[in-house]
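Trainee: I am attaching a structure below and will ask some questions about it afterwards.
The values are calculated or read from the model by the stated rules, or taken from the named source; none is laboratory data. Worth saying up front: this structure is predicted, and the values here are computed from it rather than measured. Positions of Cβ are generated from backbone atoms using ideal geometry, with glycine treated the same way; all protein chains shown enter the neighbour counts. All accessible areas refer to the heavy atoms of the entire protein, side chains included, with ligands and DNA or RNA removed. Shrake-Rupley method; radii C 1.70, N 1.55, O 1.52, S 1.80 Å.
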Amino acid sequence: TKQMAKKTEKEDTFYVAGIGSSAGGLEALTKLLSALPKEDVPLSIVVAQHLSPSHKSHMVQLLSKNSTWEVVEASHNTTVQANKVYITPPDRDIVLKSGKIRLSRPSSEIGPKPSVNVLLESLAAEYGPQAIGVILSGTGRDGAEGVIQIKEAGGVIFVQDPKTAAYDGMPVSALETRRVDLSLKAEEIGAKLIAVVKDEFKKELLDLEDEGQKIASELDKIFDLLQKKTGVDFSDYKMSTIQR
């Protein structure tokens with residue numbers, strides 16, 4: 001049908017990146033958005049930053065000063081547009097449905113607001129392989145379930161390198177899902193978002209995979225030498241232990 005053809009065309013050409021952040025998130029978002037290449041691409045960015053439900057947010061004004069893209073407050077029933085950044089208002093959850101923003105009051109008084117998981121899970125369902133999840137500085141585990149959903153839908157996940165995050169709870173929880181494509185400094189993530197949309201990121205991943213295979217091959221030779229010299233088989237050790 002014409003409607004189905006239109007939906008397929010939209011999915012093939014339009015991407016949405018959902019960014020989740022909490023404590024320390026404003027600093028990370030500023031770095032990401034200020035380094036975002038000013039390039040016309042079929043991508044919009046939706047930010048779910050944990051906010052106090054009772055306080056007016058100044059995030060739009062603060063981020064607009066440093067962003068290369070237009071930053072606006074998300075409003076209900078708005079169609080997302082390319083090259084725009086949408087900030088979720090306080091005391092609202094945000095999802096995307098049929099290309100439009102849907103805002104609602106959180107279903108529970110308990111838990112972070114807005115919910116990063118709720119946003120990312122909606123992107124997985126709506127955009128599938130054209131969904132991108134980004135987890136920045138924050139405490140707690142919000143976003144981890146959404147990361148899994150986006151990867152299972154064929155999307156891409158970037159996480160702020162925990163060593164560079166003011167609070168590493170959310171980035172570490174995302175990494176523990178083992179679904180993260182790359183862990184980067186916040187200011188490096190913007191360029192990767194563009195690479196995904198321009199279909200250049202798959203090649204980067206393949207190059208990384210080739211490099212990883214070369215390193216694994218070299219390590220096997222080292223493990224073999226160590227076993228002959230010391231009698232200890234290091235091939236059974238966890239890679240994190242070997243790296244340390």
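Trainee: Do you know which residues across the stretch 134-188 are within 21 Å of Thr30 (Cβ to Cβ), open to solvent by 40 Å² or more (accessible area, probe 1.4 Å) and not in a loop (DSSP other than H, G, I, E, B)?
Mentor: Once the filter is applied, which keeps residues that are within 21 Å of Thr30 (Cβ to Cβ), open to solvent by 40 Å² or more (accessible area, probe 1.4 Å) and not in a loop (DSSP other than H, G, I, E, B), the stretch 134-188 yields Lys163, Thr164, Ser183, Glu187, Glu188.
Trainee: Just one of (1) closer than 22 Å to Val196 by Cβ; (2) surrounded by fewer than 16 Cβ atoms within 10 Å (Cβ to Cβ); (3) not charged (D, E, K, R) trips up Pro53, so point out which.
Mentor: (1)
Trainee: Cβ-Cβ distance below 6 Å, separation of 6 or more or different chains: which pairs start in the stretch 214-228 with a residue that is at negative phi and end on one that is modelled with pLDDT of 80 or more?
Mentor: Every condition considered, the pairs that remain are Gln227/Asp233.
Trainee: Also, I was wondering about something else. Cβ-Cβ below 7 Å, separation at least six or inter-chain, first residue in the stretch 173-190 and within 9 Å of Ala35 (Cβ to Cβ), second among the aliphatic types (A, V, I, L, M) and open to solvent by 30 Å² or more (accessible area, probe 1.4 Å): which pairs?
Mentor: Within 7 Å, the pairs are Glu187/Ala35; Gly190/Ala35.
Trainee: Here is a further query. Against the definition (within 16 Å of Ala131 (Cβ to Cβ), at pLDDT below 95 and of a type in the set (Asp, Glu)), how does Asp210 come out, yes or no?
Mentor: So Asp210 fails the test.
Trainee: If you don't mind, another one. Specify the residue that is surrounded by the most Cβ atoms within 10 Å (Cβ to Cβ); the eligible residues are those in the stretch 89-133 that are part of a strand (DSSP E or B) and within 14 Å of the chain's Cα centre (by Cα).
Mentor: Here the answer is Gly133.
Trainee: Can you run down the residue pairs with Cβ atoms below 6 Å, 6 or more apart or on separate chains, where the first is in the stretch 68-83 and closer than 11 Å to Lys97 by Cα and the partner is in a loop (DSSP other than H, G, I, E, B)?
Mentor: Listed pairs, sorted by first residue: Thr79/Gly99.
Yes or no, residue by residue, for (1) more than 23 Å from Pro42 (Cα to Cα); (2) among the aromatic types (Phe, Trp, Tyr); (3) at pLDDT 95 or above; (4) touching a strand residue (DSSP E or B) at 6+ places or on another chain (Cβ under 9 Å):
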| residue | (1), (2), (3), (4) |
| --- | --- |
| Asp168 | yes, no, yes, yes |
| Leu175 | yes, no, yes, yes |
| Lys185 | yes, no, yes, yes |
| Ile189 | no, no, yes, yes |
| Leu193 | no, no, yes, yes |
| Lys202 | no, no, no, no |
| Lys228 | yes, no, no, no |
| Ser235 | yes, no, no, no |
